[in-house]
Amino acid sequence: MSEFGLYPDGDEEVTRGLRALYAAPSGYGYWNELESRIMARVASVELAWWDEFDRWVRPALVLAALLIIAAAIAMNRAQKEATDSAYSAILAPPPVPGPENIRPTLMLDRDATLRYILAPRPDTSRNH
Amino acid sequence: METCTVGISVATANELPRDVPLSDDGIKENERALVIAAQRGDGSAFSALVRAHQRRAYAVCRAIVFTHEDAEDAVQEGFLHAFKALDRFLPDQPFGAWLYRIMANASLDLVRRRKVRDADELPETLAIPFRDPGEADELRRRLAEALAKIPERQRSVIVLHDVEGFTHGEIGTMLGIPEGTARSDLHHARAALRRLLDDMRSDL
């Protein structure tokens, strides 16, 4: 342990001096009391932790329950929407023909209408 | 109670001999059981750990701080930290080494706080208890003065090594320095103490 013995004679005294300076207190009473003080501090921390926990536990539980309910509703809605859109996709009528297919027909009808409007008509007023 | 599941009881924890350091393998196995019980919330198991380690913990703190009162504060603070961090400790590791590292950190924190508060009073604080006129007290007084003049870490290293018998490796772990640095600090501390005490002797 100590290597002060390698020094000149006086250093043995130094080692003893060091040990005296830094000696731990002796006596059961001192250590029992220190242990009590340590455990009292530990207990106060334990109590503080529990009190704090107790103060927060109810609001936290309510909040957690609300969050769970909200999440369940959101999931339910999302699932319903997905189902509805899937059914809609299946049950939707087949797509109507494109405008390029109907355009000639429409044009013919329009031309016929125009011809009808613009065509000269017999003067019906003379007959009266 | 949960302690039954680890094979010890409150009575066992209370029956541990006071002030006997845990060193034998059997006692270390008991210590492991105490740690596990304390981790499960058994206060008497933690109390038994305090009882077993407080003397050495005090010595570690006393080597780092400047006064007995500060050492007591650091010990209490250290045990409090240990209690809070207990659930992160692996029971298969040596509990003492872990605890003394916490004690050293608590002491270093306290020294830093004290420095900020009353740095100028430190050398005087060291010398105060040793003003008796007797020869032994005179040596202690001079030793305290010399210790106040060497760097703090060197002082801690020489006390931990020469007074408490910690190895260089243990000291390095506690103080957060490499083993080689602890070894060299010890060498420098001895040389400085020898020089300072020689100077004082020649002044007489």
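The values are calculated or read from the model by the stated rules, or taken from the named source; none is laboratory data. Keep in mind it's a predicted model, so treat the numbers as computed, not measured. Methodologically, a virtual Cβ is constructed for each residue, glycine included, from the backbone with ideal geometry; neighbour enumeration extends over all protein chains shown.
Could you please let me know if B:A48 is over 12 Å from the mean Cα position of the chain (by Cα), modelled with pLDDT of 90 or more, within 14 Å of chain A (Cβ to nearest Cβ) and not in a loop (DSSP other than H, G, I, E, B)? Before you say what the answer is, go through the steps one by one.
Numbers: over 12 Å from the mean Cα position of the chain (by Cα): yes; modelled with pLDDT of 90 or more: yes; within 14 Å of chain A (Cβ to nearest Cβ): yes; not in a loop (DSSP other than H, G, I, E, B): yes.
Yes: the conditions hold for B:A48.
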For segment B:146-204, which helices (runs of 4 or more DSSP H) that fit wholly inside it have 1 or more residues that are of a type in the set (D, E) and more than 26 Å from B:Q54 (Cα to Cα)? B:179-203
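Does A:G27 satisfy the condition of being modelled with pLDDT under 90 and on the phi > 0 side of the Ramachandran plot?
Working: modelled with pLDDT under 90: yes; on the phi > 0 side of the Ramachandran plot: yes.
For A:G27, the condition - modelled with pLDDT under 90 and on the phi > 0 side of the Ramachandran plot - is met.
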List pairs: first residue in segment B:156-180 and free of Cβ contacts under 8 Å to residues at least 40 places away in the same chain, second residue not in a helix (DSSP H, G or I) anywhere in the structure, Cβ distance under 7 angstrom, at least six positions apart or on different chains. B:D162/A:M1; B:D162/A:S2; B:G165/A:M1; B:G172/B:P178
